[in-house]
Every structure is written in structure tokens, then in C-alpha cells.
Amino acid sequence: MMALEGFRFRRGESFIHRSDPRAKFLLSFAFMAMAIAFVKLKFLLLILALQLAILANGRCLKDWIRSLKGLVPLIALIFAAQVLVSWSWVSALTYSVRFVAVTSTMSWFLLTTSPDDLGLSLEQVGLPSDISFAFTMAIRFVPVISYEFQSVYDAQRSRGLELEKGSFVQRIRKYVPIIVPVFIETIRRTYEIADAMEVRAFGAKPKRTRLNVLVMRPSDWAISLVAVLLLLGTVFLQLSNAKVPWINA
């Protein structure tokens, strides 16, 4: 569950924290599209470096590194699979970096975007309030489940549950006393949230009012323009089959 730490909002006052969620999402989507569309190690490293600069601006590098530690087994699996398939460590390294770059696109976005602002931005672009609420609640539940899993994990280990011993199947079975309490606790929390929503008359009126309204600043429009240009460039290179040596050759 350490990998989920890279998707939990960290409050801050940096430039990227103050940016509009809509502009940040466009930029995040542009980075993801480029990382998926192009397979060139130098270009993928550039995309990753740009995202690391964003994380450094938001002072979230430590949280990103902590989440990356949880993804090490999966990254190692991707690297090993590519070595066996292509017999090229360069190809294996390229696909591993691509995986890190793709996961980082949503990591820095969620680390620097408040769920409240995200839900508000979804409503302002025309999404129904119940859908935006469900989406933001799902994001809020990610760190909650992570903490709950870690708490049950520590409690079971303190009672003598040895999760590292035995065969692979035996170790999988030993996780049942951890998964079941987490699952039950998650259901209990959903009922509590449902009761709280009912008490507050959620959905009584189709159109809700908001105390705060998000306004796009000039810097947000600039970020959006850069993101749109990157997306258009990606689509053009893919449709035209143009060969750019540093990007997709």
C-alpha cells in the first residue's frame, strides 16, 4: 500500500498547488499521452524530468519517492519481462521508465490538487454533481484504505502472523485475515457516508450552489495552452507517421 502514498493530496502554497485543477489535468493528460505514444528513452526521461520539476515545486518529491518504492516489484517485473522478450536492456529500461512516467502523471496531479477543488472543477465543466461527488469520494478513499490496510497489517503481525514465511500460496492465504477486516471497514464507512449525505439532503435539488467558484487565471490559461499544443503535436506526429529521431524514431 506504500504505492498509494503517491496519490494522497498534500496541502501547500506552491505555484502548482494554486493552479486551477482543469489546467493541471490537461497538462497531466498531455504528459500521459506523450509517454504512451512515443517510445524513446531520451524523450521519456525528459517527460519524467519535467514532472519531477513539478513535484519539486510542490515539495512532494519525498512522497513520490515513497510511492515509487511500493512500485519497485512491478517495475522489476516489467524490466525482467522486456529483457526476456527483446533481449535488450535498453528496451527494458525504456519500458520501465515509461511506466514510471505514466504513473507520475496522475501522482503529481493528485498530490497537488485538493479533492474539494477537483470536485468543484468537475461541476463547473458541466459534470453532474452526483458523478463528481462519487469521483472525489473514490479519490478520498484511496489513502483511507491504505491507512486501514497498514493498521490491520501491523495489528496482525503483532499477534504473531508471519506473512513472509511459507510458499507463495500459503502467503496469499495469510493475507485473508488482513483483507477481510479492511473490506468490512470499508463497507462500514460507506454506510456512514451514505447516512451523512442523507441527513444533509444530498440530491434534494438538481442544481447545487457553491460558496467558492474557481476562476482561471492567466497562468492557468498559459498551462492549458501548452497542454493543448503538446496534445496536438502528439496527435499530428501519430497520424502523419512523421519521424522525429529524438522522439519516435
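What follows is calculated from the coordinates using simple rules that are stated; it is not laboratory data. Being a predicted model, the structure only gives us computed values, none of them experimental. Ideal geometry is used to build each Cβ from the backbone, glycine not excepted, and the neighbour counts take in all protein chains shown.
Structure above, values below:
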read-out	value
Positive-end residue of Val213, Ser146, Gly58, charge dipole of the chain with Cβ unit charges	Gly58
Distance (nanometres) between label positions extended 7 Å along Cα→Cβ at Val169 and Tyr147	3.8
Backbone HN-Hα couplings from phi across the stretch 16-25 [Karplus 6.51/-1.76/1.60, Hz, Gly and Pro as x]	5, 5, 7, 5, 5, x, 5, 5, 5, 5
Cα gyration tensor shape for the stretch 41-173, rounded if a/c is under 1.5, else prolate or oblate	oblate
Label-point separation, Ile139 to Thr190 (7 Å along Cα→Cβ), nm	2.1
Size descriptor, Kirkwood hydrodynamic radius, that averages inverse alpha-carbon separations across the stretch 124-214, Å	16.2
Stretchable slack from Arg217 to Ser14, in nm (0.36 nm times residue separation minus alpha-carbon distance)	71.6 nm
Point-charge dipole on Cβ atoms (K/R +1, D/E -1) for the stretch 2-240, about Cα centre, debye to 20	300
